[in-house]
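The next block holds one structure in the form of structure tokens; read it before the comments.
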Protein chains: 2
Amino acid sequence: MAKVAFIGLGVMGFPMAGHLKQKGGHDVAVYNRTAAKAADWAAKFGGTTGATPAEAARDADFVFTCVGNDDDLRSVTTGATGVLSSMKAGAILIDNTTASAEVARELEAAAKEKGVHFIDAPVSGGQAGAEGGVLTVMCGGEQAIFDKAKPVIDAYARMVGLMGPVGSGQLTKMMNQICIAGIVQGLSEAIHFGKQSGLDIEKVVDVISKGAAGSWQMENRHKTMDQGKYDFGFAVDWMRKDLDIVLTESRRNGAKLPLTALVDQFYGDVQAMGGNRWDTSSLLARLERK
Amino acid sequence: MAKVAFIGLGVMGFPMAGHLKQKGGHDVAVYNRTAAKAADWAAKFGGTTGATPAEAARDADFVFTCVGNDDDLRSVTTGATGVLSSMKAGAILIDNTTASAEVARELEAAAKEKGVHFIDAPVSGGQAGAEGGVLTVMCGGEQAIFDKAKPVIDAYARMVGLMGPVGSGQLTKMMNQICIAGIVQGLSEAIHFGKQSGLDIEKVVDVISKGAAGSWQMENRHKTMDQGKYDFGFAVDWMRKDLDIVLTESRRNGAKLPLTALVDQFYGDVQAMGGNRWDTSSLLARLERK
């Protein structure tokens, strides 16, 4: 049982912090920008709240952050009331935000000045994975630090991997999102094509889903896509944020991503259709619009 | 045990006809444009050969065709020495070629004039699936005819589905190829991105392959892609043929396929790199070319 702080109680962070308290059995202090949500969390799970990130993180052995983007992350870590202003030497800062590899390296350096260790640890599995405590966690950092953090992270995860030095967790998450961009656009075009031809999409998926065209997205989203329901997962606004990170990184590492760049534009069309909160499978709605 | 003819002993047809003889226990007569290959087949499996498609198909209860494209298919069916010139009334013509839905409907009409039944039955699973007798077969036709043909098709298949009226098998195969186009380009961009960032691709796949980015292609091709080996499956020349069929059909059914059209162009680049016989995962080589 460790002393843990959790900063950022969004749809992901709220249940993740809950698992650290309930499944992990840790002593958890939380902070959230909207204080009412932190109070809700404490009322539900019985932990304590801090008025600032620094206050929540004081004396913690492990500090988790899970916020919106690079700038939010800087604010709650290296900002005036950020966690690095209060964290004790030897503690570990674990960032679950999907952010740039650059900010991960920046935070590693800032943490080091305080004698704090840093791990970037973005997750996949979405809201359902966070609620079930079965997320996949992609970590970047040093092996010895990872070995200390992993048993704590396990409280909300099914799979926790160390991918390489700091930044590698974010780069792995980027690979994940690139794959999804291609799969979902291909699947959307296939379903659109099938519907235009009068095929029974369920029947088609029964036959082709175990072979070379098969994917998690096909198994888990074809039915709702066929019904035009797009409220079953990760939102388009968040996907665009992630693809922005990917495309920015590709300028740095020299990768050519023509499909990813195109699909990012397609998601822009979906936003223009009012689909900001639709899930990523709504690329199909874009093909079907009149 | 039925009387069966098999027309077209390419990398797919040769083992498929073999399974009809050995696993199905049928009396099989074969025809191949290059007669030597038909003689090889007969020597290996103990069937008979015909000098023309019509000769092989005479008296057969089930006639299979598995040739290169729409024109080859017309030649071996409605051509002067095609199977429809000799097939008996009540027999069933089963086409395993990946062809257009249009030629399927054309052959159904031509067969009907002779009292012959028609099923379009393109396959997926590649050369390995054909050799193992574990193909997926997507059929279009009437239920009663399908019910008669399925036990015979089972000799080379793991999964045989009736998708709808004639043409539906081809349209289903097209959906399959559209999905693959998106998955493989996305996967190629992800691996390219990961290599540019110095990630260990094996490690990444271990962590992300069971989640939302997962696909058959990731499971089965990431290792050879990472090694730059592109001789493990369906060739680029054949994929371009299939995508041509898809894009032509999209003009008919009104489906919008921006990604599929783009990936078709990318495969054109791979051909220009000399990759005609590389497998479909060689989209990665295109991204990596200097």
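The helices (runs of 4 or more DSSP H) found wholly in the range A:181-290 and carrying at least 1 residues that are hydrophobic (A, V, I, L, M, F, W, C), touching a Lys or Arg at 6+ places or on another chain (Cβ under 8 Å) and touching a residue at least 40 places away in the same chain (Cβ under 8 Å) occupy A:236-253, A:258-272, A:283-288. Could we say that B:Leu135 is farther than 24 Å from B:Cys179 by Cβ, modelled with pLDDT of 95 or more and buried (at least 20 other Cβ atoms within 10 Å of the Cβ) here? So B:Leu135 fails the test.
Kindly check whether there is at least one residue in the range A:125-144 that is among the β-branched types (Val, Ile, Thr) and away from every other protein chain (no Cβ under 12 Å). Checking the range A:125-144: not a single residue is among the β-branched types (Val, Ile, Thr) and away from every other protein chain (no Cβ under 12 Å). Please verify whether B:Ile183 is among the hydrophobic types (A, V, I, L, M, F, W, C), more than 17 Å from A:Met138 (Cα to Cα), within 7 Å of another protein chain (Cβ to nearest Cβ) and touching an Asp or Glu at 6+ places or on another chain (Cβ under 9 Å), treating the condition exactly as stated. No, not satisfied. Selection of the range A:186-196 for residues being over 17 Å from B:Gly211 (Cα atoms), crowded, with 24+ Cβ neighbours inside 10 Å and either of a type in the set (Phe, Trp, Tyr) or at the interface with another protein chain (Cβ under 7 Å from one of its Cβ atoms) (or both) yields A:Gly186, A:Glu189, A:Ala190, A:His192, A:Phe193, A:Gly194.
Checking A:Gln185, A:Gln177 one by one, the residue that is under 14 Å from the mean Cα position of the chain (by Cα), at negative phi and outside the structural domain of A:Val11 (by TED's automatic domain parsing) is A:Gln177 and no other.
Criterion applied to B:Val204, B:Val166 was being surrounded by 24 or more Cβ atoms within 10 Å (Cβ to Cβ), β-branched (Val, Ile, Thr) and at the interface with chain A (Cβ under 7 Å from one of its Cβ atoms), and the one residue passing it is B:Val204. Has the range A:202-214 got any residue that is touching a Leu at 6+ places or on another chain (Cβ under 8 Å) and not assigned by TED's automatic domain parsing to the domain that holds A:Gln127? No, there is no match, as no residue in the range A:202-214 is touching a Leu at 6+ places or on another chain (Cβ under 8 Å) and not assigned by TED's automatic domain parsing to the domain that holds A:Gln127. Entry remark, the range A:100-149: residues being in contact with a Gly (Cβ under 8 Å, 6 or more places away or on another chain) and of a type in the set (S, T, N, Q) number 3 in total. Within the range B:34-60, work out how many residues are under 21 Å from the mean Cα position of the chain (by Cα) and touching a residue at least 24 places away in the same chain (Cβ under 8 Å). Of the residues in that region, 4 qualify. Considering every residue within the range A:231-253, establish whether at least one is hydrophobic (A, V, I, L, M, F, W, C), closer than 10 Å to B:Cys179 by Cβ and outside the structural domain of A:Arg105 (by TED's automatic domain parsing). Within the range A:231-253, not a single residue is hydrophobic (A, V, I, L, M, F, W, C), closer than 10 Å to B:Cys179 by Cβ and outside the structural domain of A:Arg105 (by TED's automatic domain parsing). Against the conditions (1) more than 11 Å from chain A (Cβ to nearest Cβ); (2) buried (at least 17 other Cβ atoms within 10 Å of the Cβ); (3) farther than 21 Å from B:His192 by Cβ; (4) not hydrophobic (A, V, I, L, M, F, W, C), B:Glu249 satisfies every one except (1). So for the range A:270-281 (the condition being within 9 Å of another protein chain (Cβ to nearest Cβ) and buried (at least 22 other Cβ atoms within 10 Å of the Cβ)), does at least one residue qualify? There is at least one residue in the range A:270-281 that is within 9 Å of another protein chain (Cβ to nearest Cβ) and buried (at least 22 other Cβ atoms within 10 Å of the Cβ). Given the criteria at the interface with chain A (Cβ under 7 Å from one of its Cβ atoms) and either modelled with pLDDT of 95 or more or at negative phi (or both), does B:Val152 qualify? Criteria not met by B:Val152. Taking the range A:252-269 as the search range and keeping residues that are over 12 Å from B:Glu189 (Cα atoms) and of a type in the set (D, E, K, R), which one is surrounded by the fewest Cβ atoms within 10 Å (Cβ to Cβ)? Restricting to residues being over 12 Å from B:Glu189 (Cα atoms) and of a type in the set (D, E, K, R), the top hit is A:Arg252.
A quick yes/no check of all residues on (1) crowded, with 23+ Cβ neighbours inside 10 Å; (2) farther than 20 Å from B:Ser168 by Cα; (3) in contact with a Phe, Trp or Tyr (Cβ under 9 Å, 6 or more places away or on another chain):
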residue: B:Thr48; (1), (2), (3): no, yes, no
residue: B:Ala51; (1), (2), (3): no, yes, yes
residue: B:Asn69; (1), (2), (3): no, no, no
residue: B:Leu73; (1), (2), (3): yes, no, no
residue: B:Gly79; (1), (2), (3): no, yes, no
residue: B:Lys88; (1), (2), (3): no, yes, no
residue: B:Val123; (1), (2), (3): yes, no, yes
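B:His19 meets the conditions (1) more than 22 Å from B:Ala91 (Cβ to Cβ); (2) in contact (Cβ under 8 Å) with a residue 12 or more places away in the chain; (3) in a helix (DSSP H, G or I) in every case but one. The failed one is (1). Apart from one condition, A:Ala255 fits all of (1) more than 27 Å from B:Gly167 (Cα to Cα); (2) out of contact with any His (no Cβ under 7 Å at 6 or more places or on another chain); the exception is (2). Exactly one residue among A:Lys173, A:Lys210 is surrounded by fewer than 21 Cβ atoms within 10 Å (Cβ to Cβ) and either small (Gly, Ala, Ser) or within 11 Å of another protein chain (Cβ to nearest Cβ) (or both), and that residue is A:Lys210.
The values are calculated or read from the model by the stated rules, or taken from the named source; none is laboratory data. Quantities reported herein were computed from a predicted structural model and do not represent experimental measurements. Neighbour counts are summed over all protein chains in view; Cβ atoms, including those assigned to glycine, are modelled from backbone coordinates with ideal geometry.
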